[in-house]
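Shown next, in structure tokens, is the structure this report addresses.
The values are calculated or read from the model by the stated rules, or taken from the named source; none is laboratory data. Please read all numbers here as calculations on a predicted model, not as lab measurements. Every residue, glycine as well, gets a Cβ built from its backbone with ideal geometry; the counts of neighbours run over all protein chains shown.
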Amino acid sequence: MFKPSSKTTFAAFAVVLLAASAATAQTPAQAPVPAAAPAPATEVKTDESKVLTTADVLEVAKNSRTTKAADPMVATNLFTQLPYRVNVEHRIAGTTPPSIHERNGELFFVVDGDGVIITGGRLVDPVRRNPTNIAGTSIAEGQSRAVHKGDVMFVPAGTPHQIADVKNTLTMVITMLPNPAP
């Protein structure tokens, strides 16, 4: 009775594998199904794109700060394209009051500086500032996270939030995002 060695078994396996590869290579491939052609443009739309460099944002923040030197937080609109609003916020050392935006979420991008964001929990001593915003004196039972240059934070509509513990300055680009209708 023939008992193959491991070398013989390996060689036989290699021959079968090569034969299968050659047979597959000779089988004609099916032609790919062509993608549907895009619909032709029906109108020419002007480009409303906005491109701001970090230097542009820091310049806006610096200019805003010179006109309101003592304010702990200065917000300047970079642009609005409804329903979105994009601001640069420049904060100086300290903590600003917390708030809730009932109809808008906020997307924060830290351009420069360090601080802490506190989210969740509940506002202490809430006071309505306008039809869609509520301010407080602090946040109880919220979650604190350190934020640094390059960090991105998202705060959903209706969520208490506060920027705190700014050591020197903190510059952020903030996009107000409308809360989707239920």
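Go through (1) over 14 Å from Thr171 (Cβ atoms); (2) in contact with a strand residue (DSSP E or B) (Cβ under 7 Å, 6 or more places away or on another chain); (3) among the polar types (S, T, N, Q) and name the single condition Asn87 misses. The one condition Asn87 does not meet is (1). On the stretch given as segment 130-139, residues that are surrounded by 13 or more Cβ atoms within 10 Å (Cβ to Cβ) and in a strand (DSSP E or B) total 5. Count, please, the residues in segment 79-116 that happen to be farther than 22 Å from Gly158 by Cα and among the basic types (Lys, Arg). Total meeting the criteria: 1. Only residues that are farther than 25 Å from Ala146 by Cα and of a type outside the set (Lys, Arg) were counted in segment 116-134, giving 4. Candidates in segment 86-96 are the residues that are crowded, with 18+ Cβ neighbours inside 10 Å and of a type outside the set (A, V, I, L, M, F, W, C); of these, the one that is farthest from Ser138 (Cα to Cα) is Asn87.
Among Ala29, Ala35, Ala39, Ala70, which is the only one that is modelled with pLDDT of 75 or more, farther than 23 Å from Thr175 by Cβ and part of a loop (DSSP other than H, G, I, E, B)? So that I can check it myself, show each step before the final result.
Details: Ala29 fails: modelled with pLDDT of 75 or more; Ala35 fails: modelled with pLDDT of 75 or more; Ala39 fails: modelled with pLDDT of 75 or more.
From the options Ala29, Ala35, Ala39, Ala70, the qualifying one is Ala70.
Within segment 110-123, is even one residue under 26 Å from Tyr84 (Cβ atoms) and basic (Lys, Arg)? No, that holds for no residue.
Could you list all residues from segment 144-157 that are of a type outside the set (D, E, K, R), surrounded by fewer than 18 Cβ atoms within 10 Å (Cβ to Cβ) and touching a strand residue (DSSP E or B) at 6+ places or on another chain (Cβ under 6 Å)?
Here is the first cut: in segment 144-157, the ones of a type outside the set (D, E, K, R) are 144, 146-148, 150, 152-157.
If we keep only those that are surrounded by fewer than 18 Cβ atoms within 10 Å (Cβ to Cβ) as well, we get 144, 146, 148, 150, 152-154, 156-157.
Of everything in segment 144-157, those that are of a type outside the set (D, E, K, R), surrounded by fewer than 18 Cβ atoms within 10 Å (Cβ to Cβ) and touching a strand residue (DSSP E or B) at 6+ places or on another chain (Cβ under 6 Å) turn out to be Ser144, Ala146, His148, Val152, Met153, Phe154, Pro156, Ala157.
Can you tell me which residue in segment 158-172 is surrounded by the fewest Cβ atoms within 10 Å (Cβ to Cβ), limited to those that are in a loop (DSSP other than H, G, I, E, B) and touching a residue at least 60 places away in the same chain (Cβ under 8 Å)? Give the steps one after another, and end with the answer.
So the first thing to find is which residues in segment 158-172 are in a loop (DSSP other than H, G, I, E, B), and the list is 158-160, 165.
From what's left, touching a residue at least 60 places away in the same chain (Cβ under 8 Å): 160, 165.
Details: Pro160: 24, Asp165: 17.
So, considering only residues that are in a loop (DSSP other than H, G, I, E, B) and touching a residue at least 60 places away in the same chain (Cβ under 8 Å), the one surrounded by the fewest Cβ atoms within 10 Å (Cβ to Cβ) is Asp165.
Within segment 70-111, being of a type outside the set (Ser, Thr, Tyr) and in contact with a helix residue (DSSP H, G or I) (Cβ under 7 Å, 6 or more places away or on another chain) holds for Val74, Leu78, Val88, His90, Val111. Would segment 114-123 turn up any residue that is under 20 Å from Val60 (Cα atoms), in contact with a strand residue (DSSP E or B) (Cβ under 9 Å, 6 or more places away or on another chain) and surrounded by fewer than 18 Cβ atoms within 10 Å (Cβ to Cβ)? Yes, the conditions are met somewhere in segment 114-123. Does any residue of segment 140-155 turn out to be in contact (Cβ under 8 Å) with a residue 24 or more places away in the chain, among the basic types (Lys, Arg), in a loop (DSSP other than H, G, I, E, B) and under 30 Å from Asp47 (Cβ atoms)? Taking every residue of segment 140-155 in turn, at least one turns out to be in contact (Cβ under 8 Å) with a residue 24 or more places away in the chain, among the basic types (Lys, Arg), in a loop (DSSP other than H, G, I, E, B) and under 30 Å from Asp47 (Cβ atoms). Close contacts from segment 46-75, counting a first residue that is over 22 Å from Pro97 (Cα atoms) and a second that is modelled with pLDDT of 85 or more and not hydrophobic (A, V, I, L, M, F, W, C), with Cβ to Cβ under 6 Å and a gap of 6+ residues or different chains, come to Val60/Thr76.
Could you please let me know if Thr175 is hydroxyl-bearing (Ser, Thr, Tyr), surrounded by 13 or more Cβ atoms within 10 Å (Cβ to Cβ) and part of a strand (DSSP E or B)? It is true that Thr175 is hydroxyl-bearing (Ser, Thr, Tyr), surrounded by 13 or more Cβ atoms within 10 Å (Cβ to Cβ) and part of a strand (DSSP E or B).
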